[in-house]
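Let me begin by presenting the structure, written as structure tokens, before commenting on it.
The values are calculated or read from the model by the stated rules, or taken from the named source; none is laboratory data. Here the structure is a predicted model, which is why all the values come from computation and not from measurement. Virtual Cβ from ideal backbone geometry, glycine too; neighbours counted across all protein chains shown. Each accessible area value is taken on the protein alone, full model and side chains, heavy atoms only, with ligands, DNA and RNA left out. Shrake-Rupley method; radii C 1.70, N 1.55, O 1.52, S 1.80 Å.
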Protein chains: 4
Amino acid sequence: MPDSIPIAVLGASGYSGIELLRLLLRHPQANLVAVTSRQLAGRALSDEFPRFRGVGVADSLRFTAPEVSALVQAGVKVAFLALPHGVSLQFAAPLLEAGIRVIDLSADFRLRCAKRYAEFYDHEHPCPQWLDKAVYALPEWRPEQIRTAQLIACPGCYPTSILLPLLPLMREGLISPEPLCISSMSGASGAGRKESVPLLFCEVQNSLRSYSVPVHRHLSEITQELELAAGRPVPLSFVPHLVPCHSGICSTIFARPAAGVDAAAVGEVLQRAYRSQPFVRLLGENRSPDSKNVVGSNFIDIGWSMDQRSGQLILMSAEDNIGKGAAGQAVQNFNLCHGLAPTEGLLNI
Amino acid sequence: MPDSIPIAVLGASGYSGIELLRLLLRHPQANLVAVTSRQLAGRALSDEFPRFRGVGVADSLRFTAPEVSALVQAGVKVAFLALPHGVSLQFAAPLLEAGIRVIDLSADFRLRCAKRYAEFYDHEHPCPQWLDKAVYALPEWRPEQIRTAQLIACPGCYPTSILLPLLPLMREGLISPEPLCISSMSGASGAGRKESVPLLFCEVQNSLRSYSVPVHRHLSEITQELELAAGRPVPLSFVPHLVPCHSGICSTIFARPAAGVDAAAVGEVLQRAYRSQPFVRLLGENRSPDSKNVVGSNFIDIGWSMDQRSGQLILMSAEDNIGKGAAGQAVQNFNLCHGLAPTEGLLNI
Amino acid sequence: MPDSIPIAVLGASGYSGIELLRLLLRHPQANLVAVTSRQLAGRALSDEFPRFRGVGVADSLRFTAPEVSALVQAGVKVAFLALPHGVSLQFAAPLLEAGIRVIDLSADFRLRCAKRYAEFYDHEHPCPQWLDKAVYALPEWRPEQIRTAQLIACPGCYPTSILLPLLPLMREGLISPEPLCISSMSGASGAGRKESVPLLFCEVQNSLRSYSVPVHRHLSEITQELELAAGRPVPLSFVPHLVPCHSGICSTIFARPAAGVDAAAVGEVLQRAYRSQPFVRLLGENRSPDSKNVVGSNFIDIGWSMDQRSGQLILMSAEDNIGKGAAGQAVQNFNLCHGLAPTEGLLNI
Amino acid sequence: MPDSIPIAVLGASGYSGIELLRLLLRHPQANLVAVTSRQLAGRALSDEFPRFRGVGVADSLRFTAPEVSALVQAGVKVAFLALPHGVSLQFAAPLLEAGIRVIDLSADFRLRCAKRYAEFYDHEHPCPQWLDKAVYALPEWRPEQIRTAQLIACPGCYPTSILLPLLPLMREGLISPEPLCISSMSGASGAGRKESVPLLFCEVQNSLRSYSVPVHRHLSEITQELELAAGRPVPLSFVPHLVPCHSGICSTIFARPAAGVDAAAVGEVLQRAYRSQPFVRLLGENRSPDSKNVVGSNFIDIGWSMDQRSGQLILMSAEDNIGKGAAGQAVQNFNLCHGLAPTEGLLNI
């Protein structure tokens, strides 16, 4: 058994960050030596998150202000950044220069192209030189690059749920170039843990609504990866919805299949792609995934259906937006980087 | 003020039926003289539904077994059928023959074509002669026919949310013949009030899932009405989802606009169509409707967006599945038939 | 039919204020001529609350800054104050001096005794002279005083649910002087509509917890009214709980009955007290009220049970915390003041 | 590391049973060799519970009909009974006679006294001779007896939440003999996974209500254990409430302290009792436990408060009703019986 790896979590006060702590506090090979938060500095982990009381180092480890030198001194080898968009990139460079591997959960390093970043994020990327070095780290898709990467950009929650069903089909030419139509639903944890009237219980409980129509920022990375796999432009519309769940994403994708493609061909390509992937569960034809079966886990469930009447392929996926769509995937990448079993610390159900 | 109209509700134990009672108990022109349920015969309305205690006739009126002769004797002029699919048609004919107008909330008389009925409902329609006489009663769409109809078939919940945004655009040729992609989400009341493990609180609360993929029965009436309006075949895929709300439907429709159609043109056509319709609220371009603003009411809120990247039009609607999508619409049709103000008894908010 | 009464609502951005608008927009005798909010000044009601779009004056009436002179000029006869604690009292005096009746939903004028106010609210009452003139306005309990009052202090949500079952029993000596034990549960709307992490959907959804133990401010008014009715000190412990509902309060009260008091005697006293009260529904012995039967309405449901094993009386009530516990009760007091039918505008179900 | 222990779960289709499977599928020392269900015989675990797909033996292990001889043949050493009340006792005797240890989650063997059983369960106990041999297995309270017991009766969910805070205080005489008042709230999983209209999502979501007033069956075991600890009769009233959560229990207990007992004394006794207990987390004075911090875990959180005004002690606890209150406690007892670390397989958070 390899020695446990000293790690730090920066910015753990949001829902993905809390989920990350939950996983890392119990990960057999991770040694949580630092947790940073300017705001919570001085408090013990379990003071802020009473759920963790009595578990691992949660009672003894205290939040500190985020200082790279202190992390170096603590012997940190891997830093998980659960920071807001725009803040991660302030920490990534100094950490990397200090020889610390960075696993970033934010959107800061997901796009290869600085121009696309500017288009979707409304400002120039401040350190475009790092975009080249970062790996868009969908572990089922480019494990070799992740294994050796120093800057690991974990995919967004919606993109993960959309790319995993689509990428193999795109790569193998099963999808025609007609625009894709994608409708996703997410629990409220995806909107963050921040003071906000629209996210209050009483505002969300009886509410079903789309948002960010027609341009959600995740569109940028979805398009980037689909185009890389297909080797052509991939037009698509993406409409996310907020629904009254804590966690969970359910994505429904409408696509025109290439000529002659049927449900069996879709199933075969997916099975070939994910045969040895422990976290992708293929449910089969006309089987609808249910977010309740994946929430709290690192699994993604995928079903598919060929609608004979309209001639369209329907792909359906479910994942935990803060699990496989964020913290779980980050840990999966951590396992990959360190030669651990892919399921290490991730078989919670 | 016209005299109040003696009415009956048959089969009021489901969620649409309860909503119907809620509306009719307080409707200024409706005089609820009979409520039938084989199972509940003998019980007072408010014994079964304690919410209604102390309101109108709820304490005094008792459920009776459903017998047409008794309804005739009670002077019933209008019978609302909140019965399960397949049961309504057993009562409709004798009621109509006894001169009682029928407002049916089931799917039994929604399709004009017996063949299509057999295709979607897995058996021959037992009284196809009535299909011709029934009116598919979307009150904003064919008020004149509804006004004089004896057999009023109220549209389904999903179809209402999909047809109202699409019909004017279809009629005026703004939509190209490419397949439509429709993703709808519904609260659990749409699945009915029946003993069922999958509908238990603990099964639904954290669950997001599609169902009936690729063929939901409502597809039949959606297609029928779109094709009538467009005057051509309308291919479409429809995926409904169950989400953890009591009530509410949110529909998101992806359509290819005809050449030269922009968001402004869409807005104009919708405004022209619904200018004088009190229950259709047009929110405008890039505005997402929210089911929480319509639940408990007879309103439907509609927004639209043109996605320049993919060249697709996105239509979005929200309604109460058991309100505008069922009981409210039935009462709206009742008002129409009897020359009452369209909003009579329906301006609950 | 009397002329409609010009009214204003001050501070309508919280959940009780929204509920008040919902009731008053549809009240047949209320003419909503002004709605104030410093923050929302200039916006139409239905811009802020899209639910109200298309209803009454909601599209035309705009929020204004709260200025007494403008309200006088607009001819306002009654001002409903849905302002936070401590703010109401800044407006009450000038309104009253301008001859405008004040119906206050805050806690500012509920206590008769300035000393008790200081004890529970951590500062001296700034205008104790008004405490004498205010009426603690439980409409079932002191209708005569309410009818002629200029300053109407509406009871708090928890107190309403606790006082209505207890007061008649206290007055008639059915309860022994042992300490009462009261456990209440409230939906999250009771905690207000404010930017707050602990009230986020994701924080409340799976959470059951007591709060403000052992001293909640409502204890002060509960004790005041029970002691007035009993004519003796009434020791009690009160523990409120926050549960994942939008609205609704359920209170369970444990009391030692006086010697010889049985369930029948309890039932008789309650029936005598509430025989002619349209909003108090007595469910009977061993019958548990359910908040879902009262939410959205002005009803309070009450049950009772004698626990032979422990010799204790258990009283149980359910109401809508923002309905009967706030806005509904305010409208009920409005009806009382203006000689309207008690149920006017309040028979929503 | 000891060899893993061959175990069986009988009747795993309810919420406690599913939770038990969740824990046992991942328990390092448990070897799940049989799962029985008459109804599900032949199906794989993960067919019925898709959440478990890909985890441990869930894809390969199939439900079988419950036959003791087959369990013997499979080498089962411990049988967990997650069967309904009244069914467990049919299996317990033959299993015990075959030398298999029984860990029963039902109420069948919790009472020492057959007469009390008959009083609360409406029929004579069919095998009263086993009541003597069973241990009421609260692991913090009688570990020595549990360690060697063959028939382990796991406490009920409500009793666990009530007994853990009260027992040490009762034993040490800190509570006066006045009647206790106990108000508990439970998520809907406590009501079971059965076809039932009152447990539908739409019935539970907006509902707060007490039930089984004044006599809930759990009263019998609560009283039994409190009286054993106190050495005197303990009168009490217990009112459970159903609230719209999946899981979680929150109990609030009002007690009259013995003369001279203050909050500090209460804290000291609790700390002494639970100092070395890994699953009891004492939050301190005036600190309210929150069910969201314990759901999914085996922890119970406890707070306390002395209400000076009324002279009453308020004890508050939170646990997961299907975790510490059922399946977690069963596994904790399993660990105890087999000399494993108490937290083995139970430190999920």
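Restricting to bridges with both residues inside region B:158-321, how much of the DSSP beta-bridge set is antiparallel, in percent to the nearest 5?
65 percent
What list of ³J(HN,Hα) couplings, whole Hz, do you get for region C:332-341 from phi and the Karplus terms 6.51, -1.76, 1.60, once you set θ to phi - 60° and write x for glycine and proline?
4, 5, 4, 4, 4, 4, 10, x, 8, 4
Find the relative contact order for chain A and round it to a whole percent, using C-alpha pairs within less than 8 Å whose residues are 6+ positions apart.
17 percent
Set the Förster radius R0 to 35 Å, insert the Cβ-Cβ distance between D:SER176 and C:GLU227 as r into 1/(1 + (r/R0)^6), and round the FRET efficiency to 0.05.
My answer for the efficiency is 0.90.
In sequence order, what are the phi-derived ³J(HN,Hα) couplings for region B:80-97 according to the Karplus relation 6.51 cos²θ - 1.76 cosθ + 1.60 with θ = phi - 60°, rounded to whole Hz, with x for glycine and proline?
8, 9, 10, 9, x, 3, x, 9, 3, 5, 6, 9, 4, 4, x, 5, 4, 5
Taking every DSSP beta bridge with both residues inside chain A, roughly what % is antiparallel (nearest 5)?
Just about 45 percent of them are antiparallel.
Threshold 20 Å², probe 1.4 Å: give the residues of region D:13-32, in number order, that are less accessible with all protein chains present than with their chain alone.
Listed in order, they are D:TYR15, D:ARG22, D:ARG26.
List the residues whose amide H sits under 5 Å from the amide H of D:HIS246, counting only those 5 or more places along or on another chain, with H placed 1.01 Å from N in the peptide plane.
Here D:ALA188 satisfy the definition.
Give me the mean projected area, in nm² to one decimal, of the convex hull enclosing the Cα positions of region D:158-321.
9.7 nm²
Below 19 Å, Cα to Cα, which lysines can A:LYS194 reach? Residues fewer than 8 away in the same chain don't count.
Qualifying lysines at Cα under 19 Å: C:LYS194, D:LYS292.
Within 10 Å of each candidate Cβ there may be at most 15 other Cβ atoms; applying that plus a DSSP loop requirement, which trypsin sites (Lys or Arg not before Pro) in region C:251-320 survive?
Answer by residue number: C:ARG275, C:ARG309.
Please get the size of the charge dipole for region B:1-84, origin at its Cα centre, with Cβ charges of +1 on Lys and Arg and -1 on Asp and Glu, quoted in debye to the nearest 20.
In debye, rounded to 20, region B:1-84 gives about 120.
Between B:GLN271, B:GLN308, B:GLN90, which gets the highest mean-square fluctuation from a Gaussian network model of chain B, Cα cutoff 10 Å?
Looking only at B:GLN271, B:GLN308, B:GLN90, the largest GNM fluctuation is found for B:GLN308.
Give me the summed buried accessible area for the C-D pair, 1.4 Å probe, to the nearest 100 Å².
Using a 1.4 Å probe, the pair buries roughly 4000 Å².
Quick one: label points 7 angstrom along Cα→Cβ at D:PRO143, distances to the other copies in nm, smallest first?
4.3, 6.5, 7.8
What is the set of long-range amide H partners of B:LEU200 at a cut-off below 5 Å, with H atoms built 1.01 Å from backbone N?
Counting only residues 5 or more places away or on other chains, the set is D:PHE201.
Using a Gaussian network for chain B with springs between C-alpha atoms less than 10 Å apart, which of these wobbles most: B:HIS218, B:HIS241, B:HIS85?
B:HIS85
Give me the mean projected area, in nm² to one decimal, of the convex hull enclosing the Cα positions of the protein assembly as shown. Could the numbers behind the result be given before it?
Working: hull surface 204.5 nm².
Hull-based average projected area comes out at 51.1 nm².
Give a quick list of chymotrypsin sites (Phe, Trp or Tyr not before Pro) in region A:32-83 that DSSP marks as loop, anything other than H, G, I, E or B, with at most 11 other Cβ atoms within 10 Å.
Qualifying residues, ordered by number: none.
To the nearest Å, what is the center-to-center distance of region D:1-61 and region B:274-349, using C-alpha atoms only?
Between the Cα centres of region D:1-61 and region B:274-349 lies a distance of 48 Å.
About its Cα centre, what dipole magnitude does region A:158-321 give when the only charges are +1 on Lys and Arg Cβ and -1 on Asp and Glu Cβ, stated in debye to the nearest 20?
Details: 13 positive and 15 negative charges, 17 e Å.
Dipole of region A:158-321, to the nearest 20 debye: 80 debye.
Just from its helices, what would the mean residue ellipticity at 222 nm be for chain B, if runs of 4 or more DSSP H residues each count -39500 (n - 2.57) and the sum is divided by every residue, rounded to the nearest 500 deg cm²/dmol?
So the calculated ellipticity at 222 nm is -8500 deg cm²/dmol.
Quick one: if you stick a label point 7 Å off each Cα along the C-beta vector at B:GLN271 and C:GLU119, how many nm between them?
6.3 nm
Could you provide, to the nearest whole Å², the per residue accessible area of region B:158-321 with probe 1.4 Å? Please report the intermediate quantities before stating the final value.
Numbers: 4360 Å² over 164 residues.
Result: 27 Å² per residue.
Based on C-alpha coordinates, I'd like the Rg and Dmax of region D:32-151, in Å.
16.0, 48
Placing a label point 7 Å from Cα toward Cβ, how far apart in nm is D:SER69 from its equivalents in the other copies, listed shortest first to one decimal?
In ascending order, 6.1, 7.8, 9.9 nm.
From the C-alpha gyration tensor of chain A, pull out the three semi-axes of the equivalent ellipsoid (sqrt of 5λ each), sorted largest to smallest, in whole Å.
On the way: eigenvalues 219, 91, 81 Å².
The three semi-axes for chain A are 33, 21, 20 Å.
Could you derive backbone 3J(HN,Hα) for region D:234-250 from the dihedral phi with the Karplus parameters 6.51, -1.76 and 1.60 (θ = phi - 60°), listing whole Hz in sequence and x where the residue is Gly or Pro?
10, x, 7, 10, 10, 10, x, 10, 9, 10, x, 10, 5, 9, x, 10, 10
Skipping prolines and chain starts, which residues have an amide H placed within reach, meaning under 5 Å, of the one on A:LEU32, given they are 5 or more residues away or on another chain?
Under 5 Å from the amide H of A:LEU32 lie the amide H atoms of A:ILE7, each far enough along the sequence or on another chain.
What are the nm distances, shortest first, from A:GLY284 to its equivalents in the other copies, labels at 7 Å along Cα→Cβ?
Inter-copy label distances (nm, one decimal, shortest first): 5.0, 5.1, 5.5.
Counting only protein heavy atoms, probe 1.4 Å: which residues of region B:268-294 lose 10 Å² or more of accessible surface in the full assembly compared with their chain by itself?
At a threshold of 10 Å² (probe 1.4 Å), the residues of region B:268-294 that become less exposed are B:ARG281, B:LEU282, B:LEU283, B:ASN286, B:SER288, B:PRO289, B:ASP290, B:SER291, B:LYS292, B:ASN293.
Treat every Asp and Glu Cβ in the protein assembly as shown as -1 and every Lys and Arg Cβ as +1, leave all other atoms uncharged, and give the resulting dipole magnitude about the Cα centre to the nearest 20 debye. Before the final figure, lay out each step's value.
Numbers: 120 positive and 124 negative charges, 0 e Å.
So the dipole magnitude of the protein assembly as shown works out to roughly 0 debye.
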